[in-house]
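Take a look at the structure below.
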Amino acid sequence: MANRVSRAAGRALAAYLQRPVGKYVHFAVTPVRLLRQALQPGDVLLVEGNTRISGAIKYLTHSTWSHAAFCVNPDGSGPELIEADLEDGVRRISLERYAELNTRICRPVGLSPEDLDTVVGYMVSSVGRQYDLKNVVDLVRYLLPQPPVPRRWRRRMLALGSGDPTRAICSTLIAEAFQQVRYPILPEIWAGCPAHCANEILAIRHHSLYVPRDFDLSPYFRIVKPTVETGFDYRRLNWHEDPAGAVPGMFPESKQSES
């Protein structure tokens, strides 16, 4: 009985946390057409989400990125993503789902075709995995988008409970897939690394609590920018010409004052 009540409360809380919020800033949203041309199987697509839980994750991880999805192409029809969702578990989604959000592509470097097949296979076989949301404590931490804790302790809050809700919103599944072939994500601890840095890396390794930012910072993943990859030429840009004589391309005064 208690577990049923906890699960019901967890599902309700998860639905609340996944609702979109206003004031999303579209810095440079890449058109789906360019994303589709640039993405390859094995790529990790980082997403700056626009939900309540996204705001909390961005704050706790000191990062723009709040979500990560994995690119597969099982039938050759085009990029398809696999992601871990708080409510629906591990699922397939189309690229269009993130058409209006800021994204970044992170690509593993030098992954052999055999190892790529292993990583993709692990992700595909995980589709349908469900998460148990009875650990409501794991979800309550995200009700405060900016909890009043010191900066160096914020990321530790992601490890609270270390239950299924934590695994669902972190990048654990993708990290597990790459670990099947011993492909690194975070760097080794080099000499001279500050103690707090070393402790954080060790904690992540021990609990597999990877977050989207780790793929962005990893020295083993290449950042792929679709606009550049498709033959960018700055001389072909159409700049707005201000009749008042302002420099083309500058923001209007209203935008400058806001910044």
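Taking (1) touching a helix residue (DSSP H, G or I) at 6+ places or on another chain (Cβ under 8 Å); (2) farther than 30 Å from PRO113 by Cα in turn, LEU46 satisfies each apart from (2).
If I filter the stretch 37-49 down to residues being in contact with an Asp or Glu (Cβ under 8 Å, 6 or more places away or on another chain) and crowded, with 17+ Cβ neighbours inside 10 Å, which single residue comes out as nearest to THR61 (Cα to Cα)? Selected residue: LEU46. Residues of the stretch 94-126 that are more than 30 Å from PRO187 (Cβ to Cβ) and either at pLDDT 95 or above or touching a Phe, Trp or Tyr at 6+ places or on another chain (Cβ under 9 Å) (or both): GLU100 alone.
Here GLN18 fulfils each of the conditions (1) over 17 Å from ILE169 (Cβ atoms); (2) surrounded by fewer than 19 Cβ atoms within 10 Å (Cβ to Cβ); (3) of a type in the set (S, T, N, Q) apart from (1). Within the stretch 24-36, residues that are more than 14 Å from LYS225 (Cβ to Cβ) reach partners that are surrounded by 15 or more Cβ atoms within 10 Å (Cβ to Cβ) with beta carbons closer than 7 Å, at six or more positions or on different chains, in the pairs TYR24/ASN50; HIS26/ASN102; VAL32/LEU95; ARG36/PRO79; ARG36/LEU95.
Would a scan of the stretch 2-15 turn up a residue that is under 21 Å from VAL224 (Cα atoms) and among the charged types (D, E, K, R)? Looking for residues that are under 21 Å from VAL224 (Cα atoms) and among the charged types (D, E, K, R), one finds none in the stretch 2-15, hence no. Residues in the stretch 215-259 that are part of a helix (DSSP H, G or I) and modelled with pLDDT of 75 or more: PHE215, ASP216, LEU217, PRO226, THR227, VAL228, GLU229, TYR234, ARG235, ARG236. Being of a type in the set (A, V, I, L, M, F, W, C), within 16 Å of GLU100 (Cα to Cα) and buried (at least 19 other Cβ atoms within 10 Å of the Cβ): is that true of ALA68 here? Yes. Regarding the stretch 22-36, can at least one residue be identified that is among the small types (Gly, Ala, Ser), farther than 25 Å from VAL109 by Cβ and either surrounded by 20 or more Cβ atoms within 10 Å (Cβ to Cβ) or over 13 Å from the mean Cα position of the chain (by Cα) (or both)? The answer is yes; a qualifying residue exists.
Within the stretch 172-210, the set of residues being under 18 Å from the mean Cα position of the chain (by Cα), hydrophobic (A, V, I, L, M, F, W, C) and modelled with pLDDT of 70 or more comprises LEU173, ILE174, ALA175, ALA177, PHE178, ILE185, LEU186, LEU209.
The values are calculated or read from the model by the stated rules, or taken from the named source; none is laboratory data. All values derive from a computational prediction rather than experimental measurement. In this analysis, Cβ positions are derived from the backbone assuming ideal geometry, glycine residues included, and neighbour counts consider all displayed protein chains.
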